[in-house]
Amino acid sequence: MNPIFSALPTTIFETMSRLAREHQAVNLGQGFPDDPGPEDVRRKAAQAVIEGWNQYPPMMGLPELRQATATHFRHWQGLELDPEAEVMITSGATEAIAGALMAIVSPGDEVVLFEPMYDAYLPLVRRAGGIPKFVTLTPPHFGLSEEALAKAFSPKTRVVLFNNPLNPTATNFSEADLDLLASFCVRHDAVAICDDVWEHVVFDGHRHQPLMSRPGMRERTVKISSAGKIFSLTGWKVGMVMAAPKLMRVLAKAHQYITFTTPPNLQAAVAYGLGKADGYFEGMRADFQRSRDRFAGGLSDLGFSVLPSAGTYFLNVDIAPLGQSDDVAFCQRLVAEHGVAAIPVSAFYAEGAVRNVVRFCFAKHDATLDKALERLAALRVRA
Ligand code: GLN
């Protein structure tokens, strides 16, 4: 067996969802919305299955989805993309990330990772032969510093894998952070693989700024977006990849031998959805922001120390003020004794020693959030 995978535990998301089922807990662990997603987009997918083409679509994606992707990101992020040469559709953002690492990294290349990081990154980097170099981000701000970047980058840096907004910290990197990172990428001639899946789930009037549009980055960025996150349909696994032709040609080679194509009905529905009026996207953000505020307010009222959430489906709680210093043990007790599942953020660190932060998913109906708050109230009383 390959030791990188044989030594891996089951993902923390599966583990916590299983515990949630076992203990009939409110599941605020794995990040998925209670809401079923926009009905018109789901109807398009259903209609396309019945009336449309269900054989292999083109390897690079349906032409109408590649065009809709280019149009959507020109409108929302000011990017100018050639749908023929610079857009590809994958079976989810995770396929796109795996494919990009396989296509760009050669054994011995260094890959800069920002921890806490999404759990798939590190095994995929290692399997591609990359040597991980970590930038450790710490609460409460999880911001970049020139000093930390200078330590992680070297003449061997080939790739930077960057997630913004960042899961699990729910931070948006500032424009100054983006410019700083861009300057390091340019200086070290590195490619940025940008996991931008949370780009539409941002709050408080913020607009996502893609690293791709910072000076010097257009030709050296692989931008990865996710229909699952844009339309609250996390099971769909439709990813949109954007990159300059020179990079895209190689990314396409990886994609053609990983999944080759992505279900055509879902692609047709996403092409339709990306063209929806601004109001849909603004409404989606406003709904999640309202849920964030309801849950954050409830937690604060109970005396929990809530960290800011600028985007994603998540908010974090600092458990140190509760006298807790082991997030894993805390989450195990929380699910077993109090019936609420959450995610220990230490699961997203490889090197850093942050053990006092716990992530909750607030992308839920009010009744779900209120039930969780009721159960957490009992915890506070006993703490
Ligand atoms: N993206 C989801 C989260 O962060 C997890 C997806 C998965 O279970 N792999 O909760």
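A few notes on this one:
- So L180, is it open to solvent by 30 Å² or more (accessible area, probe 1.4 Å) and more than 16 Å from the ligand (Cβ to nearest atom): yes
- With respect to the conditions (1) free of Cβ contacts under 8 Å to residues at least 24 places away in the same chain; (2) open to solvent by less than 10 Å² (accessible area, probe 1.4 Å); (3) not β-branched (V, I, T), G205 falls short on a single one, namely (2).
- K371 being under 15 Å from G29 (Cα atoms), within 16 Å of the ligand (Cβ to nearest atom) and charged (D, E, K, R): no
- Cβ pairs under 7 Å, 6+ apart, first in segment 25-41 and among the aliphatic types (A, V, I, L, M), second more than 16 Å from the ligand (Cβ to nearest atom): A25/G339; V26/G339; V26/K371; V26/R375; V41/A269; V41/Y272; V41/G273
- Conditions (1) open to solvent by less than 30 Å² (accessible area, probe 1.4 Å); (2) on the phi < 0 side of the Ramachandran plot; number of the one not met by P308: (1)
- Here V317 meets the list (1) hydrophobic (A, V, I, L, M, F, W, C); (2) open to solvent by 10 Å² or more (accessible area, probe 1.4 Å); (3) modelled with pLDDT of 95 or more almost entirely, failing just condition (2).
- If the condition is being in contact with a Lys or Arg (Cβ under 7 Å, 6 or more places away or on another chain) and crowded, with 19+ Cβ neighbours inside 10 Å, then segment 340-368 contributes V340, A342, I343, V345, S346, F362.
- Output for segment 117-157, where each listed residue is of a type in the set (G, A, S) and within 16 Å of the ligand (Cβ to nearest atom): A120
- Only one of M284, M217 that is crowded, with 20+ Cβ neighbours inside 10 Å, over 27 Å from F362 (Cα atoms) and at pLDDT 95 or above: M217
- Positions within segment 119-138 being of a type outside the set (V, I, T), open to solvent by 40 Å² or more (accessible area, probe 1.4 Å) and either in contact with a Ser or Thr (Cβ under 8 Å, 6 or more places away or on another chain) or closer than 15 Å to G352 by Cα (or both), in sequence order: D119, K133
- All of V160, V186, V197 fail the test of being surrounded by 18 or more Cβ atoms within 10 Å (Cβ to Cβ) and either outside any loop (DSSP other than H, G, I, E, B) or over 20 Å from the mean Cα position of the chain (by Cα) (or both), apart from V160.
- Selection within segment 313-347 - within 15 Å of S17 (Cα to Cα) and part of a strand (DSSP E or B): V340, A341, I343, P344
- Selection count where residues are without any contact (Cβ under 8 Å) to a residue 60 or more places away in the chain and assigned to a helix (DSSP H, G or I), scope segment 71-103: 4
- Listed conditions (1) assigned to a loop (DSSP other than H, G, I, E, B); (2) at pLDDT 95 or above are all met by L178, apart from (1).
- Count of segment 279-313 residues, restricted to those that are closer than 14 Å to V201 by Cα and touching a residue at least 12 places away in the same chain (Cβ under 8 Å), is 14.
- Residue match in segment 284-295 (condition: assigned to a helix (DSSP H, G or I), within 27 Å of Q67 (Cα to Cα) and not basic (K, R)): yes
The values are calculated or read from the model by the stated rules, or taken from the named source; none is laboratory data. In this text the structure is predicted, and so the values were computed from the model without any measurement. Heads up, the Cβs are rebuilt from the backbone with ideal geometry, glycines too, and the neighbour counts pull from every protein chain shown. To get the accessible areas, we keep the full protein, side chains included, count just its heavy atoms, and leave off ligands, DNA and RNA. Shrake-Rupley method; radii C 1.70, N 1.55, O 1.52, S 1.80 Å.
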